[in-house]
Amino acid sequence: MAVDHWTERFPGLAGLEPERCRQLEEASRILRLPQGSRIFGPGQSPGSYLLLLDGDIRVSQTSEGGREIVLYRVSAGESCALTTVCLLGDDDYQAEAIAETDIEAVAIPRSTFDDVIARSPVFRRFVFAAFSHRVTDLFKLIDEVAFQRMDVRLAAKLVELAGASDTLVLTHQQLAAELGTAREVVSRQLHEFQRRGWVTSARGSMTIDNRAALQTLAGGV
C-alpha cells in the first residue's frame, strides 16, 4: 500500500470525507526515524499531529529528583495522547518520547489538524476515541502506582514485557522506570522472586523460571 494513501491504514478513518482525506494526505509528510531517536521532550511545542505507521514509541516523564516513569507506549496504528492534549490546549510537552524501534509515522501539520478536526466529524471521532482510550490507560496506571502492592505490579509487568518469551533484556533501572519506582525497590523485590525460584536475574537481563507463580501473584494476567 502506498504511503500516499496512509489514511487507509487506520480503520477509524474508513468513512473520512473524500475532501478531508485529500487534504490530510496532501499536507502530511512521512517521518522515518531510527531506534533511539527523541521524538519530543519537555518544554517543546508540538508542530504536528503524529500517527504511527510502524514501530514503537515510549512516552515517559522524569521527576526533578531523576525518577522516571513510563506513561504509555504508542504502537503502529495509534496516535500520541500527549500530542493531542498539547495541540488542543496550545501547551508544551511535559514528558519525553523515544523511539524504541525504527519508526515510520505520519506528521500532520498543526494548521491542517486544526482545520480538519473542525470540519470533519469522522476525523474528530477518530482523534477523541484514541485520546479517550489512552486516558483510561493512564487512570489505570495511577491506580496501580497509588494503590497496588509493588510485588503484584512487578509480577504483572514481568509477564507483560516477556510476552511469549521467558527472557527479558532490560536492566533493573529500566524495570524501575516501567513501574515508576526506585531501582533499589525493584532489585529488592527481584531478589525475593529469585529466592522463591520464580526468576533468575543477571546483568542486563532476567529469565522467568515460574510464569504460573508470577501470574497467580499478579491476579491471573
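The values are calculated or read from the model by the stated rules, or taken from the named source; none is laboratory data. The structure displayed is predicted, hence computed values, not measured ones. Just the protein is used for accessible areas: all its heavy atoms, side chains included, with ligands, DNA and RNA removed. Shrake-Rupley method; radii C 1.70, N 1.55, O 1.52, S 1.80 Å.
Looking at [x] 26, 21, 17; [y] 37, 18, 16; [z] 30, 19, 15, which value of semi-axes √(5λ) of the Cα gyration tensor in Å comes from a calculation on the structure shown?
Computed from these coordinates, semi-axes √(5λ) of the Cα gyration tensor in Å corresponds to label [y].
Mind checking which of 131, 40, 139 has the largest fluctuation in a GNM of the chain, springs on alpha carbons under 10 Å?
139
Which whole-number percent is the relative contact order of the chain (Cα, under 8 Å, 6+ apart)?
21
Using the Cα gyration tensor of the stretch 1-51, with a ≥ b ≥ c the square roots of its eigenvalues, what is the shape: rounded (a/c below 1.5), prolate (a/b larger than b/c) or oblate (neither)?
prolate
Using a 1.4 Å probe on the protein chains only, how many percent of the accessible area of the stretch 1-129 belongs to carbon and sulfur?
Ligands and nucleic acids excluded, carbon and sulfur give 47 percent.
Per-residue ellipticity at 222 nm for the chain, helices alone: DSSP H runs ≥ 4 residues times -39500 (n - 2.57), over residue total, nearest 500 deg cm²/dmol?
Theoretical 222 nm ellipticity from helices: -14000 deg cm²/dmol.
Taking the Cα atoms of the stretch 75-179, report the difference between the largest and smallest coordinate on each principal axis, in whole Å and largest first.
So the extents along the principal axes, rounded to whole Å, are 48, 33, 25.
With a probe of 1.4 Å, find how much accessible area the stretch 1-113 has per residue, and write the answer as a whole number in Å².
Computed with neighbouring chains in place, this is 49 Å² per residue.
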